[in-house]
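Bear in mind these aren't lab numbers, they're just calculated from the coordinates by the rules spelled out. Just so we're clear, the structure is a prediction, and the values are computed from it rather than from any experiment. Backbone-built Cβ (ideal geometry, glycine too); neighbour counts: all protein chains shown.
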Amino acid sequence: MARFNVLKHEMVPEHSLVSKKEEETLLRSLEISKELLPRINRNDPAIKALEEISGPIPDGSIIRIVRKSPTAGSSVYYRVLEEGVFK
Amino acid sequence: MTSGISKRINKIQFALLSPDEIRKMSQVKVITADTYDDDGYPIERGLMDLHMGVIEPGLKCATCGGKVDECHGHFGHVELAMPVVHVGFIKEIKTFLDATCKECSRIKLTEDQINSFKAKLSTVDFSSTDPEVIGSITKKVTDEASARAVCPHCGAQQKKVILDKPTTFREEGIKVTPKEIRERLERIPNDDLVFFGLNSSVARPEWMILTALPVPPINVRPSITLETGERSEDDLTHKLVDIIRISQRLRESRDNGSPQLIIEDLWDLLQFHVTTYFDNQTAGIPPARHRSGRALRTLVQRLKGKDGRFRSNLSGKRVNFSARTVISPEPFLSINEVGVPEKAARELTVPVSITIFNVENVRNLIKLGPEPRDEFGKYTAGVNYIIRPDGRRIKVTIQNAEENSKRIEPGWIVERQLMEGDIVLFNRQPSLHRMSMMAHNVRILSGQTFRFNLAVCTPYNADFDGDEMNLHIIQKEEARAEAKIIMRVQEQIMSPRFGGPIIGGIHDHITATFLLTHLNPRFTYEETVHMLSYVDVEKMPEPEIIDGKKYFRGRDIFSVTLPEGLYVKFKSKLCSSAKGQCEYEEDIRDTFVTIENGKLTTGTIDEASVGPFSGEIINKIFRRFGQEAAAKFIDRMTRLAVGFLSMRGFTTGISDYDIPENAVNRIREISESAIQRIEKLIEAYNSNLIQALPGRSLEETLEIEILSETGKVRDESGKIASAYLGLTNSSVIMARSGARAKMLNISEVAGMVGQQSVRGGRINRGYNQRTLSHFKPGDIGANARGFVKSSYKSGLNPLEYFLHSIGGREGLVDIAVRTSRSGYMQRRLINAFEDLKVDEDRRVEDTIGSVIQLKYGEDGIDPTRSERGELVDIDDLIFNLQEAETE
Ligand SMILES: [Mg+2]
Ligand SMILES: [Zn+2]
Ligand SMILES: [Zn+2]
């Protein structure tokens, strides 16, 4: 059975990997250090789906999440990949 | 005054108390279970030994020599005759027994495993890592060791240890005594303790089995003397008495060689007492009780739950500068005000720092004594206390007022009584949202109750059936400024929950504005003046001259409360369900409330205009003219409403539900025919003639059809009844305007109550195959399953009454369950969110600075300032543009 790609589901917001090159400028524009960004677990289905497409993602990578919003149009959120965030 | 701890805490380490340490910190070895001798003097080496501190004035501590207020107590200890298990460590003891060998007490891991786990654990810093993370690692290790049936070190076959709750361990059914457990734990080598997450330098597992018990200082368990002179001991002391007694008996029995059975019984009893001393709600054993039958409040009970130390004394405390009393309504107060009884105002104070600028004023204030009044006998603020720079407080009395007024100088502080206009916080529990605590301006009133404007009932969820509320006097300038800027009632008119007003007219306000504006009635000059005398009008509305007499129109009178420059158009509640022409308004334009430049031209003012939640006029005034104008509108509108009703009068009663004989007959007819139709449905079902609905069984289909049948008759009877009840009827006025009740309630009273239900279905419980013994088994007819064809007014027959009560109880149970569950959920949410903050960039952060949201709510919008959750109200924008063009 072909596995369903969760990222294709309309209720799942768009996830994408922020490239290493882009990271620094992004953190500077957000005026924040990486440790203070929200985290995301390696076992998150969205990460698994992303890895299937673009290969293994190292710890500490920033994931960009674009959510649709009725008031803001779309809103961007960033989460840092980290092992063992939740038990 | 400044005794006690004055050190800064740098680090906390958790460890186990060893018996040696217990003895070392003990000032006295308690050996007798007695407390005081016949003269009331503490018995030496008893539970109240003076070495453990003093609670009686006059006596001195035998350890430190301190008097009552100076000594904060010292520990003693009891030597237990036999070791007992500490209930708090049951889980840990079980893990140790499971994971180590019975014979050699090594952890049941192979050398290879030991090395690999050790390597893994050596990377973890035990002092800084999250205990849960350490726990998850050690759990893996101990689980693996526990699963092994043969010891890898000595090859001994392992027996399974079963915990017989709460404190008994068994091996193949045979009890393992605490003594044996202790011996096993003692043999576990220090090197193996890391695998259990234990730091061998501060804790040994055998210390979880008690051989000595610390006796807390007397200050922790003070005895109280009753009025009769009788002494009553603390629950902890009672429990310690039990422990010492049994321990003594156990020691004697053991030493004089009593039968093993007796010794074991006493040992179990000692275990029980020590267990309940720690936690008197341990599962599996009955709680220890006082002679009166009350369960004892022991160590865990002191800390745990709503009445425990944390929630009741540390997270929340009793506070000074606060008052609590019953509330009552006062329509002549502004929504920003609160009426405070004089008695409370005399007690509540505001600190005033004396400066060169106010020293004269304050001197004059003090001179007046503690209970001054002005020339009309009206309350004015006095001074209760003067605080010197060294912190000493002087109470102001009539005698010393004159003298004290001369003593004060800049740098002193006086505690001034409450004044009109002071900003205070007002609160009603449960405080479920931020509008549960708002800042009000004080008005000093006679009487015994707090009073406020009725429009503020909604945010506090208050009524006046005995509700009490709390008042807090702000003590600092910063807090006062904050309260004034962000907590005042007018700042809270818009709810952050739905972006609309939560403060607005209720009940009579809505009834009154409805009657005032519906069909735009005409009022005489005298009537108009009466109404407007309740409001501070700038000028009278334009009169209509008929036969030389002045008349005023209701809508013009209402317009007096509206700010100039207001343009709004929306559908009124009265016609909200009507499509096209509304039967209640003659002119189709009147189905819309239209306000042009602050003049109400068409429409009826009802719940949709001035009510909380829906009130569109309040909403638009707040948006366009700000909180000040919105508050002013609510103040004036509510006053006008009261003025109108005091002129017109308004009442309701059972006669509101009188309908003609023939209507009653018709309702009876349709209910009879419904019952017959239900009979037919049941007949068809019995002879298998009905068709099952898709996805439903035959039974379900039958129930659905019956329910739709009963629903239909109720609606029909409602229609028949309301055909006779028009807008001349007070109850109908209240229902249609949204002031109180729904049309459904009216048809229940006048027409028919209808089908009762439990869990969405017809009533289907009680006796075997029937709801009551009055019906035949298997009767599923209308009457047997809770169809009530009577009306509330005609009265229910006994069977209907009973079945109606069943349905009614469901609602009550639902509410009880819902409130407790949502209360707990709310608590968890508040604890999770309480110290998040939104910074200047609208970024949501926790206390460390970790980001929760990059923009508050992901869009950065304050819901309070949104148009009912939307960005803009397009219809309103268009209407305003059109109006601007025509001008
Ligand atoms: Mg109440
Ligand atoms: Zn002392
Ligand atoms: Zn062994």
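Per-residue ellipticity at 222 nm computed for chain B from its helices equals -11000 deg cm²/dmol, with DSSP H segments shorter than 4 residues left out and the rest contributing -39,500 (n - 2.57).
Counting only DSSP beta bridges with both residues in chain B, the antiparallel share comes to about 85 percent. For the range B:88-146, the alpha-carbon radius of gyration amounts to 1.18 times the rule-of-thumb value 2.2 N^0.38 Å expected for a compact globular protein. Simple point charges give the picture: +1 on the Cβ of Lys and Arg, -1 on the Cβ of Asp and Glu, and for the range B:87-205 a dipole about the Cα centre of about 380 debye. Using the alpha carbons alone, the radius of gyration of the range B:835-887 stands to its Kirkwood radius in an Rg to Rh ratio of 1.29.
Across the range B:39-56, computed HN-Hα scalar couplings (Karplus, 6.51 cos²θ - 1.76 cosθ + 1.60, θ = phi - 60°) run 7, x, 9, x, 6, 5, 6, x, 6, 10, 3, 5, 5, 8, x, 10, 10, 9 Hz from first to last residue, x flagging Gly and Pro.
Rounded to whole Å and ordered largest first, report the semi-axes of the equivalent ellipsoid of the range B:508-648 derived from its Cα gyration tensor (root of 5λ). List each step's numbers first, then the result.
Values: eigenvalues 93, 74, 37 Å².
Rounded to whole Å, the semi-axes are 22, 19, 14.
In the range B:769-882, the convex hull through the Cα atoms has an average projected area of 15.7 nm², a quarter of its surface area.
Would you please give the FRET efficiency between B:A723 and B:V326, computed as 1/(1 + (r/R0)^6) with r the Cβ-Cβ distance and R0 = 56 Å, to the nearest 0.05?
The calculated FRET efficiency here is 0.80.
In terms of packing, defined here as the mean over residues of other Cβ atoms within 10 angstrom, the peptides B:866-873, B:810-817 line up highest first as B:866-873, B:810-817. Translational diffusion coefficient of the range B:654-813 (Stokes-Einstein, Kirkwood radius from Cα pairs, 4 °C, 1.567 mPa s): 77 µm²/s.
The P(r) of the range B:322-492 has a tail past 26 Å containing 33 percent of all C-alpha pairs.
In terms of the mean number of neighbouring beta-carbon atoms within 10 Å, the peptides B:83-96, B:121-134 order highest first as B:83-96, B:121-134.
In chain B, Rg over Rh equals 1.07, where Rg is the alpha-carbon radius of gyration and Rh the Kirkwood radius from pairwise Cα distances. Ranking A:I57, A:L26, A:S74 by how far each Cα lies toward the positive end of the dipole of the range A:6-82 (charges on Cβ) leaves A:S74 at the top. The range A:18-76 and the range B:811-887 have Cα centres separated by 25 Å.
Along the Cα-to-Cβ line of B:K571, 7 Å from the Cα, sits a label point; which residues in the range B:600-636 have backbone N less than 17 Å from it? Flagged as within label range: B:603-610, B:614-617.
Applied to the range B:311-325, the Karplus parametrisation 6.51 cos²θ - 1.76 cosθ + 1.60 on θ = phi - 60° returns per-residue 3J(HN,Hα) values of 6, 9, 10, 10, 5, x, 10, 6, 10, 8, 6, 9, 9, 9, 7 Hz, with x for Gly and Pro.
Provide the packing ranking of B:657-663, B:537-543, i.e. peptides ordered by the mean count of other C-beta atoms within 10 Å per residue, highest first. Each step should come with its number before you reach the end.
On the way: B:657-663: 14.3, B:537-543: 12.3.
For the peptides B:657-663, B:537-543, the packing ranking is B:657-663, B:537-543.
What would the Debye formula give as log10 I(q)/I(0) at q = 0.17, 0.21, 0.26, 0.31 Å⁻¹ for the alpha-carbon point model of the range B:336-385, no solvent? Values, matching the q order: -0.59, -0.84, -1.08, -1.23.
What does the structure give for A:30-36 when I average, per residue, the other chain Cβ atoms found within 10 Å of the residue Cβ? Intermediate values should be presented prior to the final figure.
Numbers: counts 4, 2, 6, 1, 0, 3, 6.
Taking the mean over all residues of the peptide, I get 3.
Annotation for A:S33 and B:D467: the two label points, set 7 Å from Cα along the Cα-Cβ direction, are 4.9 nm apart.
Counting only DSSP H runs of at least 4 residues, each contributing -39500 (n - 2.57), and dividing by the residue count of chain A, the helix-based mean residue ellipticity at 222 nm comes to -7000 deg cm²/dmol.
When the charge dipole of the range B:835-887 is built from unit charges on Cβ atoms (+1 for Lys and Arg, -1 for Asp and Glu) and taken about the Cα centre, the candidate among B:Q882, B:V872, B:V851 whose Cα reaches farthest toward its positive end is B:V851.
What's the extension gain from B:R302 to B:S820 if we count 0.36 nm per residue and subtract their Cα-Cα distance?
184.2 nm
The label-point distance for B:E867 and B:I12, in a model that sets each label 7 Å from Cα toward Cβ, rounds to 5.2 nm. Volume per residue for the range B:1-130 equals 171 cubic angstrom (convex hull of Cα atoms). Beyond 20 Å, what share of the Cα-Cα pairs of the range B:152-306 remains, rounded to the nearest whole percent? Every Cα pair in the range B:152-306 considered, those over 20 Å come to 63 percent.
Roughly how many debye, to the nearest 20, is the charge dipole of the protein assembly as shown about its Cα centre, given +1 on each Lys and Arg Cβ, -1 on each Asp and Glu Cβ, and no other charges? Could you put the intermediate results ahead of the total?
Values: 133 positive and 138 negative charges, 367 e Å.
Here the protein assembly as shown has a charge dipole of around 1760 debye.
Using a simple spin-label model with pseudo-atoms 7 Å out from Cα toward Cβ, B:E810 and B:R407 lie 7.1 nm apart.
About the centre of its Cα atoms, the range B:654-813 shows a dipole size close to 320 debye [charges on the beta carbon of Lys, Arg (+1) and Asp, Glu (-1) only; nearest 20 debye]. Note on the range B:654-813: dipole from Cβ charges, positive end direction compared against B:A723, B:G811, B:N764; the farthest Cα belongs to B:G811.
Counting other beta carbons within 10 Å of each residue's own, what order do B:M208, B:M494 fall into, fewest first?
Numbers: B:M208 21, B:M494 25.
Ascending number of Cβ neighbours within 10 Å: B:M208, B:M494.
In a solvent-free Debye calculation with one equal scatterer on each Cα, what is log10 I(q)/I(0) for the range B:87-205 at q = 0.10 Å⁻¹, listed in the order of the q values? Relative scattering, expressed as log10 I(q)/I(0), comes to -0.29. Set the Cα radius of gyration of the range B:427-507 against 2.2 N^0.38 Å, with N its number of residues, and you get 1.12. Shown is the FRET efficiency for A:E22 and B:Q429, computed with R0 = 60 Å from the Cβ-Cβ distance and rounded to the nearest 0.05: 0.70.
In square nanometres, what is one fourth of the surface area of the convex hull spanned by the alpha carbons of the protein assembly as shown? Before the final figure, lay out each step's value.
Numbers: hull surface 252.0 nm².
Averaging across all directions leaves 63.0 nm² for the Cα convex hull.
Expressed as a fraction of 2.2 N^0.38 Å, the rule-of-thumb size for a compact globular protein of N residues, what is the C-alpha radius of gyration of the range A:6-82? Can you show the working numbers first?
On the way: Rg = 12.6 Å, N = 77, 2.2 N^0.38 = 11.5 Å.
Taking the Cα Rg and dividing by 2.2 N^0.38 Å, one obtains 1.10.
If you filter the range B:214-276 for GluC sites (Glu not before Pro), then keep DSSP loop positions with at most 16 other Cβ within 10 Å, what is left? Let's see the in-between values first.
Numbers: sites: B:E227, B:E230, B:E233, B:E252, B:E264; in loops: B:E227, B:E230, B:E233.
Taking the range B:214-276 and a limit of 16 other Cβ atoms within 10 Å, the loop GluC sites (Glu not before Pro) found are B:E227, B:E230.
Would you mind giving the three semi-axes, in whole Å and largest first, of the ellipsoid equivalent to the range B:496-544 according to its Cα gyration tensor?
Details: eigenvalues 150, 38, 22 Å².
Output for the range B:496-544: semi-axes of 27, 14, 10 Å.
Using the Cβ-Cβ distance between B:I654 and B:A119 with R0 = 60 Å, the FRET efficiency computed as 1/(1 + (r/R0)^6) comes to roughly 0.10.
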